[in-house]
Amino acid sequence: MVRELHEKVYTLALPEEVDALAAKLIDDAGQLRVWLFSGELGAGKTTLIKSICRQLGVEHSMSSPTFSIINEYETPAFDRIYHFDFYRIRHEAEAYDMGVEDYFYSGRYCFIEWPDKIPSLIPAAFVNIHIAIQHQSQRAIVISIHDREEENRI
């Protein structure tokens, strides 16, 4: 069972607010580098990830890795950020065979869309972000920090 350490809810009403929200989420996450993004198609997962990447210093073009499954971005400090989209995989073994665990345990940011497709590959400590469409231009963003290892120490 996952122990939830804290949860915050944000409301995003205007697209112009996404960069400010991205900065808050980075602050909320602290040192955790594996982030899970869930929400229905069109909720804004990729848009939010792009904004977070910009806040982390990525300057070049970013896109959804729907077909490639993984995109790699680089910051001016030569740090790498990995963006995964597991929507198209049929079996968790496909992600395992790609070596995703090497990425997840690299200490670098890993932003994962459709994490429900790879439940047993998710590290013990992660940031969970759920985006819910409230209205056409309004989203509720719930961030929670989870640490399964912490629970095992209790």
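The values are calculated or read from the model by the stated rules, or taken from the named source; none is laboratory data. Worth saying up front: this structure is predicted, and the values here are computed from it rather than measured. All Cβ positions, even for glycine, are placed from backbone atoms using ideal geometry, and neighbour counts span all protein chains on display. The protein model used for the area step is the full one, side chains on, heavy atoms only, and it has no ligands, DNA or RNA in it. Shrake-Rupley method; radii C 1.70, N 1.55, O 1.52, S 1.80 Å.
Every listed requirement among (1) without any contact (Cβ under 8 Å) to a residue 24 or more places away in the chain; (2) surrounded by 14 or more Cβ atoms within 10 Å (Cβ to Cβ); (3) more than 27 Å from ASP19 (Cβ to Cβ) is met by ARG90 save one, (2).
Free of Cβ contacts under 8 Å to residues at least 40 places away in the same chain, assigned to a strand (DSSP E or B) and aliphatic (A, V, I, L, M): is that true of ILE129 in this structure?
Against the criterion (free of Cβ contacts under 8 Å to residues at least 40 places away in the same chain, assigned to a strand (DSSP E or B) and aliphatic (A, V, I, L, M)), ILE129 does not qualify.
Please give the number of the condition SER63 fails out of (1) open to solvent by less than 80 Å² (accessible area, probe 1.4 Å); (2) touching a Lys or Arg at 6+ places or on another chain (Cβ under 8 Å); (3) in a loop (DSSP other than H, G, I, E, B). Condition not satisfied by SER63: (2).
Conditions tested, residue by residue: (1) open to solvent by less than 40 Å² (accessible area, probe 1.4 Å); (2) of a type outside the set (Asp, Glu); (3) touching a residue at least 40 places away in the same chain (Cβ under 8 Å).
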| residue | (1), (2), (3) |
| --- | --- |
| LEU56 | no, yes, yes |
| GLU59 | no, no, no |
| GLU101 | no, no, no |
| PHE104 | yes, yes, yes |
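Any residue at all in the range 66-86 that's part of a loop (DSSP other than H, G, I, E, B), among the polar types (S, T, N, Q), open to solvent by less than 80 Å² (accessible area, probe 1.4 Å) and touching a strand residue (DSSP E or B) at 6+ places or on another chain (Cβ under 6 Å)? Yes, because at least one residue in the range 66-86 is part of a loop (DSSP other than H, G, I, E, B), among the polar types (S, T, N, Q), open to solvent by less than 80 Å² (accessible area, probe 1.4 Å) and touching a strand residue (DSSP E or B) at 6+ places or on another chain (Cβ under 6 Å).
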